[in-house]
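Asks: Below is one structure. I have some questions about it.
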Amino acid sequence: MVLVDDDDDVGVEYALIIFHFLIQNHISTIDVVAPCSIIAAVGDGMHLTTGVAGRFFSALGDAKINVLAISQGSSERNISAVVLESESTRALRAIHAAFRLSHTNVRVGVVGMSEVGESLLKLLGAQRQKLKTAFEIDLQVCAILKDGDTSDIVVLKNQLGGVEADSITAAEYNDLVVGTGTGMGASLLLGAPLTAAADGTAALSVTFDEKSKSSEQISAKVVQGGLENLATHVFSEDNAHSIIFDCTGDVSVGEKHADWLTMGIHIVTANNTALSGSKIVRDAIKKAEHSSRKVHYLREVAVGGGLPIVRTLRDLHSSGDHIRRIDGILSVSMSYIMHRIAPPPGVHECSAYDEKSTMGAYRDDKSMSPAANQRAACSFSQAVKEATGLGLMEEDPLKDLDNEYTARCLMVLARELGMDEDYDVSKIQAQSDSLADGGKRTYSEMEAELSARMKSRVEAAAAKGCVPRHVFSVDVKRKVISINIVDVPFNHIFATTAPSCECVRFFTERHKTYPLIVQGPSAGADSTASALLAEVLNMMKHKVGTKSGIISRSASSSFLE
């Protein structure tokens, strides 16, 4: 390889003549690659330290840098690599981060400013400095899109990275959106309270705290572009890692996942419409994932929110176990409804014991339901109203009652089990118990009938010591996926699973009699946002490593300083 300056025509000509005489036409062509840069790691202790070269070139590989040439000095005090000049900034930053000479700058985009997106943006701002200290990772929020249909993107004014890199905060986002009149309006205000207007309608109450900034101080601006151009404001050739958080449930956003992966952007998604969508979309994602091992499609939250369901499945496979069956409760709305219409006996006693024995760590939060008496069963109609009011169900309950959400979650699991080729959402729905009637009637038209039907079902189950529960099952051996309302004994784990919680059991070669169980709350914007951030940290710690964080203690808990 001959290294020459891009404008050095004489050098190029000289190199060609020398090669012509040296090789005597034994090779057919000579290619000149220009402009290039030399990146070097230099240190007196290098020849006594193992792993320097591995860390050096692993950092370049993780940053998707193609190394053109390698050299090491005879004194073993330096390692040099030739890279394209266009990739030199990204290469330098990656190596600096690998040897802890600087933090790793990660460019972040967020699409979906619902409750989950709002909570995530606040969490990223609150944890940014702590993550710099504990992980040496700087998560820099560079672009925010309200949803897949919005044309306005909130982006950083200053796109430069570095030690003092800007990042869009929740407070700046509020100030900018409310103050610009861009058409997004006050509906984007994070946490804006509803107040009663004079005419009795609800209106957004917009207030600014003392920390609100003027337009000159705000580090972001609004640009046009929408979903098609979001990635261009997130991806940068100078940064090794770019991430987009999908906090929506929009099909249009899910269809962009494959394109973003192809660009080299990691996807962290709570949106399961892509992996449960058309075969074309699913195959495009699979192809994009396999085209480069340097890009990641993190889908844990798309199945169980904050519960490690996909990770548990993968760990079982990786450790050599054979999964035979997976079953459980995945729909938080149906979990809530079934628990309210048929609560198992002894629930209050268990709550009282936990509240006493944990010395205040456990709190039996009755505010989870507006019902006056949690121990008493209510009607199906009342349970649906409560679930809708708590945000556990769609405004149209039929979207939950027809098993669509659970079927989409199961399609993600089917992908992990190699069963997705034979299934789609409609097929799972077709061979499952549904409380809807295929869209022939609205929920209001069916409400009385459903309440009566479920009342009879609860009474019949109680007569045999059971309660009805909404349970999915994946039979790997028979390749059957279904969702059914089944009667389970009062003391069964499905019966005692708390309202709005999920429970998933893994029956494997090693876990036959006693299945491996993952159980816990899945609903809640804060827990979902935390799970999305945890996905990123689990990915990044394998790329840049971590150093010991400072764990602080308060009077009642421990936390990362």
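The values are calculated or read from the model by the stated rules, or taken from the named source; none is laboratory data. If you're wondering where the values come from, they're calculated on a predicted model, not measured in any experiment. In this analysis, Cβ positions are derived from the backbone assuming ideal geometry, glycine residues included, and neighbour counts consider all displayed protein chains.
Asks: Those residues that are part of a helix (DSSP H, G or I) and surrounded by fewer than 18 Cβ atoms within 10 Å (Cβ to Cβ), I need them from region 484-524; list them, please.
Replies: Within region 484-524, Ile493 is the sole residue that qualifies.
Asks: Right, another one. Please give the number of the condition Gly249 fails out of (1) under 17 Å from the mean Cα position of the chain (by Cα); (2) buried (at least 24 other Cβ atoms within 10 Å of the Cβ).
Replies: Status for Gly249: all satisfied but (2).
Asks: A follow-up question, please. Which residue, of Lys146, Lys122, is touching a strand residue (DSSP E or B) at 6+ places or on another chain (Cβ under 9 Å) and among the basic types (Lys, Arg)?
Replies: Result of the check over Lys146, Lys122: Lys146.
Asks: Okay, next question. Out of region 542-559, which residues are surrounded by 13 or more Cβ atoms within 10 Å (Cβ to Cβ) and either within 15 Å of the chain's Cα centre (by Cα) or modelled with pLDDT of 55 or more (or both)?
Replies: Result: Lys543, Val544.
Asks: Also, quick follow-up: Is it true that Ala97 is in a helix (DSSP H, G or I), touching a His at 6+ places or on another chain (Cβ under 7 Å) and modelled with pLDDT under 95?
Replies: Yes: the conditions hold for Ala97.
Asks: Which one of these does Asn271 not meet: (1) in contact with a Ser or Thr (Cβ under 9 Å, 6 or more places away or on another chain); (2) free of Cβ contacts under 8 Å to residues at least 40 places away in the same chain; (3) not acidic (Asp, Glu)?
Replies: Status for Asn271: all satisfied but (2).
Asks: Please work out if Ala69 is of a type outside the set (Val, Ile, Thr) and either surrounded by 15 or more Cβ atoms within 10 Å (Cβ to Cβ) or more than 20 Å from Val33 (Cα to Cα) (or both).
Replies: no
Asks: Counting just the residues of region 400-426 that are more than 21 Å from the chain's Cα centre (by Cα) and either closer than 20 Å to Val486 by Cα or hydroxyl-bearing (Ser, Thr, Tyr) (or both), which one comes out surrounded by the most Cβ atoms within 10 Å (Cβ to Cβ)?
Replies: Asn403
Asks: Considering region 448-479 alone, what residues qualify as being of a type in the set (A, V, I, L, M, F, W, C) and surrounded by 15 or more Cβ atoms within 10 Å (Cβ to Cβ)?
Replies: Leu450, Met454, Val458, Ala461, Ala462, Cys466, Val467, Val471, Phe472, Val474, Val476, listed by residue number.
Asks: Here's something else I'd like to know. Identify, please: which residue in region 40-94 is in a loop (DSSP other than H, G, I, E, B) and basic (Lys, Arg) and is, among those, nearest to Val295 (Cα to Cα)?
Replies: That would be Lys64.
Asks: Same structure, new question: Based on this model, can you work out whether Gly112 counts as touching a Ser or Thr at 6+ places or on another chain (Cβ under 6 Å) and either closer than 30 Å to Thr528 by Cβ or not assigned by TED's automatic domain parsing to the domain that holds Lys132 (or both)?
Replies: Judged against the criteria, Gly112 is a match.
Asks: Taking region 321-334 on its own, how many of its residues are β-branched (Val, Ile, Thr) and either under 18 Å from the mean Cα position of the chain (by Cα) or part of a helix (DSSP H, G or I) (or both)?
Replies: Qualifying residue count for the region: 1.
Asks: Taking into account only those residues within region 136-157 that are out of contact with any helix residue (DSSP H, G or I) (no Cβ under 6 Å at 6 or more places or on another chain) and in a loop (DSSP other than H, G, I, E, B), which is nearest to Gly226 (Cα to Cα)?
Replies: My answer is Thr150.
Asks: Got a sec? Which of Thr207, Thr133, Thr195 is at pLDDT below 90 and in a strand (DSSP E or B)?
Replies: Selected residue: Thr195, the only one of Thr207, Thr133, Thr195 that is at pLDDT below 90 and in a strand (DSSP E or B).
Asks: Of the residues Val458, Val486, only one is without any contact (Cβ under 8 Å) to a residue 40 or more places away in the chain, of a type in the set (Val, Ile, Thr), within 28 Å of Val347 (Cβ to Cβ) and assigned by TED's automatic domain parsing to the domain that holds Glu509; which?
Replies: Val486
Asks: OK, next. Could you please give the count of residues in region 100-130 that are outside any helix (DSSP H, G or I) and of a type in the set (A, V, I, L, M, F, W, C)?
Replies: 6
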